[in-house]
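The values are calculated or read from the model by the stated rules, or taken from the named source; none is laboratory data. Since the model is a prediction, treat every value here as computed from it, not as a measurement. Here Cβ is always computed from backbone atoms with ideal geometry, including for glycine, and neighbour counts include all displayed protein chains. These area figures cover heavy atoms from the full protein model, side chains too; ligands, DNA and RNA do not enter into them. Shrake-Rupley method; radii C 1.70, N 1.55, O 1.52, S 1.80 Å.
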Amino acid sequence: MREKICIDKGWMFHRGDIKIDFPNVKAAAYNRAKTERMLWGPAARDYDTGAYARERWDKVDLPHDYVVENETEERYNNALGYLKYDNAWYRKSFTLTEADRDKRLTLYFEGIATYATIYLNGCLLKRNFCGYTSFEVDITDFARFDCENILAVYVNTEEHESWWYEGGGIYRHVWLCKTDLVSVDLWGVYAKPKKISDTVWEVETETTLRNDTDKRQLVTLNGEICDGKGKVVACATSRGYITERDKKVFKYTFSLSSPLLWSPEEPNLYTVKTHVLRGNNEVDSTDTRIGFREAYADPVRGLFINGKKYKIQGLCGHADCGLLGKAVSDNIHRYKVRLMKEMGANGYRTSHYPQAEALMDALDENGFIVMAETRWFDSSDEGKAQLEMLMKRDRNRPSIFFWSLGNEEFYHANENGRRIVKNLLAYAKKLDNTRMIMTAVDRTPHNAAVLEELDVVGVNYNWDAYGAIHEKFPKKPVISSENCATGTTRGYYFDDGVYVTGYDHDANRMFRSREFTWKFIMERDWMMGGYQWIAFEHRGEATWPRICSQSGAIDLYMQKKDPFYQNMSHWTTSPMVHLLPHWNFKGLEGEPVKVFAYTNTPTLELFLNGESQGRREIEKYGHGEWVVPYAPGKLEVVAYDTDGNIVARDSKTTTGEPKKLMLKLDTPDIKANGQDVAIVTCYAVDENGLEVPDAAPTVRFYSNSLGCIYSTGSDIADHSSLLLPIRKMRAGRIGAAVKIGNTSGELRIYAESDGLDTAVLKINVDQ
């Protein structure tokens, strides 16, 4: 039966290229021409990475990103995060048993940044030319059963794919997969739910089986659909022959009555269980999650899911995490999705490449409307292979509504782009004919040649062009595939200096405020919605001394910014109000201070030290605004409903000096599995227990043996290594990432600073 074994632990790692001393003799050149060509250097079976190695090798676990460990320097590329990119080697040994000899053996790499070459036992087996795609390496013919197998991976980061910070290393999981010689192919199950009547649904299923034996095989394929509780609700079967060393697609259809539907509010999921039999013996099985939903886009009325109209309240996202680089643990992917959902988002764009399977799983589970984007707008064999990878891996996911073929391409506007898009479109329709296909256009979108060929008009920014676009394509649904991109800084409320003001604002005519953007979308019924740039601040796309983009609603170190709450005011209905700025402006007494309040209620009233500063009637998706002479004390905003009842309030109070450090756990679902990461926030309080928003102590972090401090961060203009356990606080908060070990018990995390009371956070972690 199928085994899928995670081999993330215990890799040897060397940063930098290694000079290979190739012997200057005929025999060396002759031997290099053979299957086991790597007889010298770090890909060779007998290369020593132990105590006698000439180079330094470190032991690491995956996921691993070595680029993020560096200090940032202005001399390096700003788009890529001001970090040095260099090449690296990884090596790992593993053993196989005699029981594995008659199995198909593969390695599945979820992602390596950026170009990768894979060797097993000195044999070159695979080159992968994209830092964002997953790929499989068949090692069946090269595996050894009489000794250790040596896996070597060479990572080359010299050529950049851009889209900002790229990282370096094996930054997603690696799996050793063992199957029978008759098995389901990689991403081989394609299940297409279709509504037949008010109560009856069918699931047309195509399953690609492979026969790696030397004989034709008679195969029976049994399928089941199970609901969320594991109950079998439908069955189907198919039978047939597969010729030797070949693949074959088996088709069959499930029928079931009144399944629970998948929607943003109720993301119900089902599982297709596939069982493969040779004779009477089951030799393989796989599970594939699906969801039942109807979706269509009306060019006049917008997007409908299961008959209900939706506006896409979407966010774009990159694959990294500011505290981890590209090597993001599964539990942090889930945490990122929870934060976006808390913000009120119901949509996510995988900008601009395939993203981690754990993230995609969480998007399914939380009801997101996903635009899944391929990396290259490219109809070459390589470009089409990358599109195929994305679509085959994710085409069963109910969260996927759109396939995007590219982003902001120069070729979108010319005849070459039209040819490319027609080629890709035809190819994509063969892979999945159930979703809408689009691309994200930014240059002269109303004249972009590619838009005439696609199902959806996707436009980045270009607010002045929407009228002409809708007029030119009246029968095509329209979406704002990217918008906003206006920077803000957590806790900073001035208009000059290193940081961007924290108030919502227009950057220019292209990069408009969140308020302008959401009003624009909501005023046009024919717009399906939009995807805001961006959910989380990301490395790169920066201007020195800042090391990251500032467009995120959540900052680089996983702290909520004011736009987080502004999005809540646009996208949620439970009464809320958020007040900014903080109220610690010592030395500015009597000076005018701009005060904003984000709310989804119709009326706000502001008070300073109990004295009203005036009521404001708030237009839909608007905000409250006052100018108040600064005076220490309590600034409070009160929100009223249409009947004049108080339904929400928020306040900012002038604090005293920091007295004590505090720690809070932001990721409570951590396990002692050697993989999870805890995100912890450190802040300071005064003698009255009030959080000090402008506290700036230098803090030292440490933990007991159940975890280790991996990284800390606070200031987006801090150029020291992310991996330091000592960090100066900016704007009252520091984020810290703590890697959890394999031992259950009480994890203790400490934060200390001279002159302040030490914080201790105690967390019970179980396996």
Cβ contacts < 6 Å: first residue free of Cβ contacts under 8 Å to residues at least 40 places away in the same chain, restricted to region 748-767; second residue open to solvent by less than 10 Å² (accessible area, probe 1.4 Å) and of a type in the set (S, T, N, Q), any location; separation 6+ or different chain. Result?
none
Which one of the conditions (1) farther than 14 Å from Glu409 by Cα; (2) within 29 Å of the chain's Cα centre (by Cα) does His470 fail to meet, given that it meets all the rest?
(2)
Can you confirm whether region 677-687 contains a residue that is open to solvent by 30 Å² or more (accessible area, probe 1.4 Å), aromatic (Phe, Trp, Tyr), on the phi < 0 side of the Ramachandran plot and touching a Gly at 6+ places or on another chain (Cβ under 9 Å)?
yes
Given the criterion open to solvent by less than 20 Å² (accessible area, probe 1.4 Å) and out of contact with any Lys or Arg (no Cβ under 7 Å at 6 or more places or on another chain), identify the matching residue among Asn121, Asn128.
Asn128
Of all residues in region 538-549, how many are closer than 23 Å to Gly347 by Cβ and open to solvent by 10 Å² or more (accessible area, probe 1.4 Å)?
1
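Go through region 273-297 and report how many residues are touching a residue at least 60 places away in the same chain (Cβ under 8 Å) and either open to solvent by 30 Å² or more (accessible area, probe 1.4 Å) or not hydroxyl-bearing (Ser, Thr, Tyr) (or both).
Number satisfying all stated conditions: 15.
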Looking at region 610-643, which of the residues that are of a type in the set (S, T, N, Q) and out of contact with any Pro (no Cβ under 7 Å at 6 or more places or on another chain) is nearest to Ile521 (Cα to Cα)?
Gln613
Given the conditions (1) in contact with a Phe, Trp or Tyr (Cβ under 7 Å, 6 or more places away or on another chain); (2) among the basic types (Lys, Arg); (3) crowded, with 21+ Cβ neighbours inside 10 Å, report the number of the one that Arg172 does not fulfil.
(1)
Residue hits (region 621-673; closer than 30 Å to Glu605 by Cβ and among the hydroxyl-bearing types (Ser, Thr, Tyr)) are Tyr621, Tyr630, Tyr640, Thr642, Ser651, Thr653, Thr654, Thr655
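Looking at Leu723, is it part of a loop (DSSP other than H, G, I, E, B) and among the hydrophobic types (A, V, I, L, M, F, W, C)? Don't jump to the end; show me each part of the working.
On the way: part of a loop (DSSP other than H, G, I, E, B): yes; among the hydrophobic types (A, V, I, L, M, F, W, C): yes.
Yes.
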Evaluate the following for Asn156: is it open to solvent by 10 Å² or more (accessible area, probe 1.4 Å) and either of a type in the set (Asp, Glu) or in contact with a Ser or Thr (Cβ under 9 Å, 6 or more places away or on another chain) (or both)?
yes
Is there a residue in region 168-184 that is of a type in the set (Lys, Arg) and under 21 Å from the mean Cα position of the chain (by Cα)?
yes
I'd like the full set of residues that are in a strand (DSSP E or B) and touching a residue at least 60 places away in the same chain (Cβ under 8 Å), limited to region 459-481.
Val478, Ile479, Ser481
The lone condition Arg397 fails out of (1) open to solvent by less than 20 Å² (accessible area, probe 1.4 Å); (2) under 23 Å from Ile312 (Cβ atoms) is (1)
So Asp378 fits all but one of (1) in contact with a Phe, Trp or Tyr (Cβ under 7 Å, 6 or more places away or on another chain); (2) in contact (Cβ under 8 Å) with a residue 40 or more places away in the chain; what number is the exception?
(1)
Of all residues in region 228-272, which are open to solvent by 60 Å² or more (accessible area, probe 1.4 Å), of a type outside the set (A, V, I, L, M) and in a strand (DSSP E or B)?
Cys235, Thr237, Arg239, Tyr241, Asp246, Lys247, Lys248, Lys251, Thr253, Ser255, Ser257
Mind checking which residues of region 705-720 are part of a loop (DSSP other than H, G, I, E, B) and either charged (D, E, K, R) or over 17 Å from Arg748 (Cα atoms) (or both)?
Ser714, Asp715, Ile716, Ala717, Asp718, His719, Ser720
Take region 564-621 and flag every residue that is open to solvent by 40 Å² or more (accessible area, probe 1.4 Å), assigned to a strand (DSSP E or B) and acidic (Asp, Glu).
Glu611, Glu617
Tally up the residues in region 58-74 that are part of a loop (DSSP other than H, G, I, E, B) and modelled with pLDDT under 95, please.
2
Region 143-153, subset in contact (Cβ under 8 Å) with a residue 40 or more places away in the chain and open to solvent by 50 Å² or more (accessible area, probe 1.4 Å), residue nearest to Arg539 (Cα to Cα):
Glu148
Which of (1) in contact with a Leu (Cβ under 8 Å, 6 or more places away or on another chain); (2) in a loop (DSSP other than H, G, I, E, B); (3) open to solvent by less than 10 Å² (accessible area, probe 1.4 Å); (4) within 23 Å of Val441 (Cβ to Cβ) does Gly502 not meet, given it meets every other one?
(4)
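For region 651-671: of the residues being more than 32 Å from the chain's Cα centre (by Cα) and in a strand (DSSP E or B), which is farthest from Ser569 (Cα to Cα)?
Initially, region 651-671 is screened for residues more than 32 Å from the chain's Cα centre (by Cα), giving 651-660.
If we keep only those that are in a strand (DSSP E or B) too, we end up with 651-653, 660.
On the way: Ser651: 16, Lys652: 18, Thr653: 22, Lys660: 33 Å.
Filtering first and then ranking leaves Lys660.
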For region 741-756, enumerate the residues that are open to solvent by less than 50 Å² (accessible area, probe 1.4 Å) and either part of a loop (DSSP other than H, G, I, E, B) or of a type in the set (Lys, Arg) (or both).
Gly741, Ser753, Leu756
Just need a number here: residues in region 421-447 that are open to solvent by 10 Å² or more (accessible area, probe 1.4 Å) and assigned to a helix (DSSP H, G or I).
10
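Checking the condition open to solvent by less than 10 Å² (accessible area, probe 1.4 Å) and modelled with pLDDT under 95, which residue from Ile554, Ile469, Ile521, Ile479 passes?
On the way: Ile554 fails: modelled with pLDDT under 95; Ile521 fails: modelled with pLDDT under 95; Ile479 fails: modelled with pLDDT under 95.
Result: Ile469 is the single residue among Ile554, Ile469, Ile521, Ile479 that is open to solvent by less than 10 Å² (accessible area, probe 1.4 Å) and modelled with pLDDT under 95.
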Could you give me the residue pairs with C-beta distances under 8 Å whose first residue belongs to region 298-322 and is under 16 Å from Met558 (Cα atoms) and free of Cβ contacts under 8 Å to residues at least 60 places away in the same chain, whose second residue is surrounded by 15 or more Cβ atoms within 10 Å (Cβ to Cβ) and aliphatic (A, V, I, L, M) wherever it lies, and which are 6+ apart or on separate chains?
none
